[in-house]
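Engineer: Let me begin by handing over the structure; questions about it come next.
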Amino acid sequence: MYDILVVGAGPAGLTAAIYAARAGKSVIVLEKSNFGGQITFSPKIENYPGFEQISGNELADRMVSQALGLGAEIEPAEVTGIRKEGYKYITTADGQDYESYAVILATGAAHRRLGLEGEEALIGNGISFCAVCDGAFYAGKKVAVIGGGNSAIVEANLLAESAAELIIVQNLATLTGEKTVGDALLAKENVKAIFNTVVVGYESDAKGLTALKLRNTDGEESVLKVDGAFIAIGLAPANGPFEKNVALDERGYILAGENCDCGRGGIFVAGDCRTKAIRQISTAAADGAVAALAACNYVDGVIAGNPPVGRNTMLEDDDEK
Ligand SMILES: Cc1cc2nc3c(=O)[nH]c(=O)nc-3n(C[C@H](O)[C@H](O)[C@H](O)COP(=O)(O)OP(=O)(O)OC[C@H]3O[C@@H](n4cnc5c(N)ncnc54)[C@H](O)[C@@H]3O)c2cc1C
C-alpha cells in the first residue's frame, strides 16, 4: 500500500514524487516508456531555470536520481486502469495491481507525428515541435512549419521573429487557424506558404535534417532544402484509460484548474495532460508540486478519517459560465 501513486515519469510526475517523498509519503511512479518523459527527445534545453544549457537526457537523469534519492520508487509499467474501493485506489499496470490512497495523473501529451520513415531519429536533429523550446537554434536560418491550423500559426509567428526564411507547408488551400493572425503572418517579408502540399519524406546527412520531400495535390514532387522543420499538427493526450475516473475536455485533456484537483476525492493531475495554456517543463514541474502537496493533504485526511472534499475549480468555473 502506497500513500501516493504517480502515473508517468515526466517532469510533472517526477516533481510530484520529489515533493511527496520529501513530505514523508510513500510514493511509486509508474512509467510506460522513457524515464524523464518528453524531455528525453530534446538534445538541448535552454529555458529551465538553473541550467543555462542542459540536454533533456541529463535533466531527466537528474530528476530521476533526485526522486530515487529521496525514497520514491520508479518502475517501468503501463497503467491501463484505475478503480476505487473504499478509500483505496487500485491501479492496474502490466497486469499487476498497485494500491494507494491517492493517484496523481501525469501522463503528458505527445506531439502528433507525420509517421514518415526516419522521423523519430530526426527529432532533436532538425525536426522539432516547439518554437518556444527550439526556435532560438534556428535564428538566421531557413525553417519550415508543417501544418496550417492555430498551433502552426502560433509556432510560425514565433519562428518568423528570428528565422531568415520561414516556409509554411500546408496540406489545404489556406491556413485554417485564426484568419487575422494568419493573414498578418503571411504578410511578413520572410514568410511564405506552400499550400495543397504534403510532406512525404525527409532527406538528411550525418548532422540531421537537410530537406523535406513534398508532393502537391496534382501529384508533383519537389524537394525543399531547410535547416529545420517544426511539425505543428497538434498534440495528443493519452488519457483514454482514465476517462471513467476524471472529466476530460473535448480534446481529451483532463479538466482541472490550477489547484490540480480533479474533484474526485483523491485523484490529482499534473503537467501537459491537463487543460492548460502553456505546456513546458517549468509549468509541468509547477503542477507536480501543487498536485503532490494537495495529494499529501488528502492522504493525511484519509488516514485521520477525515478526507478533504476535492474541488475541481475548472468544473466549477464552467458551471458559473
Ligand atoms: C522535442 C521536444 C523538445 C522540447 N523542448 C523543451 C524545452 O526546451 N523547454 C521546455 O520547457 N519544454 C520543452 N518541451 C516540452 C516538455 O518536454 C513538456 O512540456 C514536458 O515534458 C511535460 O512534462 P509532463 O511530465 O507533463 O509530460 P511528459 O514529459 O510527456 O511525461 C509523461 C510521461 O507519462 C508516461 N505515460 C503516459 N501514459 C502512461 C500510462 N498509461 N502508464 C504509464 N506511463 C504513462 C509517458 O510515457 C511519459 O513519459 C519539449 C518537448 C519535445 C517533444
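The values are calculated or read from the model by the stated rules, or taken from the named source; none is laboratory data. What you see is a predicted model; the values in this text were computed from it and never measured. Cβ sites come from the backbone with ideal geometry, for glycine too, and all protein chains shown count toward neighbours.
Engineer: Starting from region 206-226, take each residue that is farther than 15 Å from Leu116 by Cα and list its partners that are in a strand (DSSP E or B) and of a type in the set (Lys, Arg), counting only C-beta distances under 6 angstrom and pairs at least six apart or across chains.
Structural biologist: These pairs meet every condition: Glu221/Arg215; Val223/Lys213; Val226/Lys142.
Engineer: Out of the residues in region 57-90 meeting the condition of being among the hydroxyl-bearing types (Ser, Thr, Tyr) and either outside any strand (DSSP E or B) or assigned by TED's automatic domain parsing to the domain that holds Cys130 (or both), tell me which one is nearest to the ligand (Cβ to nearest atom).
Structural biologist: That would be Ser65.
Engineer: May I ask you to list the residues in region 21-34 that are under 30 Å from Ser128 (Cα atoms) and either surrounded by fewer than 22 Cβ atoms within 10 Å (Cβ to Cβ) or more than 9 Å from the ligand (Cβ to nearest atom) (or both)?
Structural biologist: Result: Lys32, Ser33, Asn34.
Engineer: Taking Ser100 and the conditions (1) surrounded by fewer than 20 Cβ atoms within 10 Å (Cβ to Cβ); (2) away from the ligand (no atom under 14 Å from the Cβ); (3) not in a helix (DSSP H, G or I), which numbered condition does it fall short on, given that it satisfies the others?
Structural biologist: The single condition Ser100 does not satisfy is (1).
Engineer: Ala284 passes all but one of (1) part of a loop (DSSP other than H, G, I, E, B); (2) within 29 Å of Val132 (Cβ to Cβ); which number fails?
Structural biologist: The one condition Ala284 does not meet is (1).
Engineer: Residue check, Val223 against (1) β-branched (Val, Ile, Thr); (2) in contact with a helix residue (DSSP H, G or I) (Cβ under 9 Å, 6 or more places away or on another chain); (3) not in a loop (DSSP other than H, G, I, E, B), all met but one. Which one?
Structural biologist: (2)
Engineer: Within region 116-126, can one find any residue that is in contact (Cβ under 8 Å) with a residue 24 or more places away in the chain, within 15 Å of the ligand (Cβ to nearest atom), surrounded by 15 or more Cβ atoms within 10 Å (Cβ to Cβ) and assigned by TED's automatic domain parsing to the domain that holds Phe242?
Structural biologist: No, the conditions are met nowhere in region 116-126.
Engineer: From the residues in region 36-55 that are at negative phi and without any contact (Cβ under 8 Å) to a residue 60 or more places away in the chain, which one is farthest from the ligand (Cβ to nearest atom)?
Structural biologist: The selected residue is Glu52.
Engineer: A follow-up question, please. Just one of the numbered conditions (1) surrounded by fewer than 14 Cβ atoms within 10 Å (Cβ to Cβ); (2) out of contact with any strand residue (DSSP E or B) (no Cβ under 6 Å at 6 or more places or on another chain) is not true of Val181; which one?
Structural biologist: So the condition that Val181 fails would be (1).
Engineer: Let me ask you something else. Look through region 149-176, keep the residues that are among the small types (Gly, Ala, Ser) and within 18 Å of Ala236 (Cβ to Cβ), and return whichever of them is surrounded by the most Cβ atoms within 10 Å (Cβ to Cβ).
Structural biologist: Among them, the one singled out is Ala152.
Engineer: Please specify each residue of region 77-92 satisfying the condition of being modelled with pLDDT of 95 or more and either touching a Leu at 6+ places or on another chain (Cβ under 8 Å) or aromatic (Phe, Trp, Tyr) (or both).
Structural biologist: Once the filter is applied, which keeps residues that are modelled with pLDDT of 95 or more and either touching a Leu at 6+ places or on another chain (Cβ under 8 Å) or aromatic (Phe, Trp, Tyr) (or both), region 77-92 yields Ala77, Glu78, Val79, Tyr89, Thr91.
Engineer: Could I ask something else about it? Among Ile54, Ile18, which is the only one that is surrounded by 15 or more Cβ atoms within 10 Å (Cβ to Cβ), of a type in the set (A, V, I, L, M), farther than 30 Å from Phe230 by Cβ and in the same structural domain as Ala294 (by TED's automatic domain parsing)?
Structural biologist: Of Ile54, Ile18, the one residue that is surrounded by 15 or more Cβ atoms within 10 Å (Cβ to Cβ), of a type in the set (A, V, I, L, M), farther than 30 Å from Phe230 by Cβ and in the same structural domain as Ala294 (by TED's automatic domain parsing) is Ile18.
Engineer: Show me the helices (runs of 4 or more DSSP H) entirely contained within region 114-160 in which 3 or more residues are in contact with a strand residue (DSSP E or B) (Cβ under 9 Å, 6 or more places away or on another chain) and of a type in the set (A, V, I, L, M).
Structural biologist: Where helices (runs of 4 or more DSSP H) fall fully within region 114-160 and carry at least 3 residues being in contact with a strand residue (DSSP E or B) (Cβ under 9 Å, 6 or more places away or on another chain) and of a type in the set (A, V, I, L, M), they are 150-160.
Engineer: Tell me which residues, restricted to region 257-273, are more than 13 Å from Asn297 (Cα to Cα) and surrounded by fewer than 24 Cβ atoms within 10 Å (Cβ to Cβ).
Structural biologist: Gly257, Glu258, Gly263, Arg264
Engineer: Looking at (1) modelled with pLDDT under 95; (2) exposed (fewer than 14 other Cβ atoms within 10 Å of the Cβ), which is the only condition Ser65 fails?
Structural biologist: All conditions pass for Ser65, except number (1).
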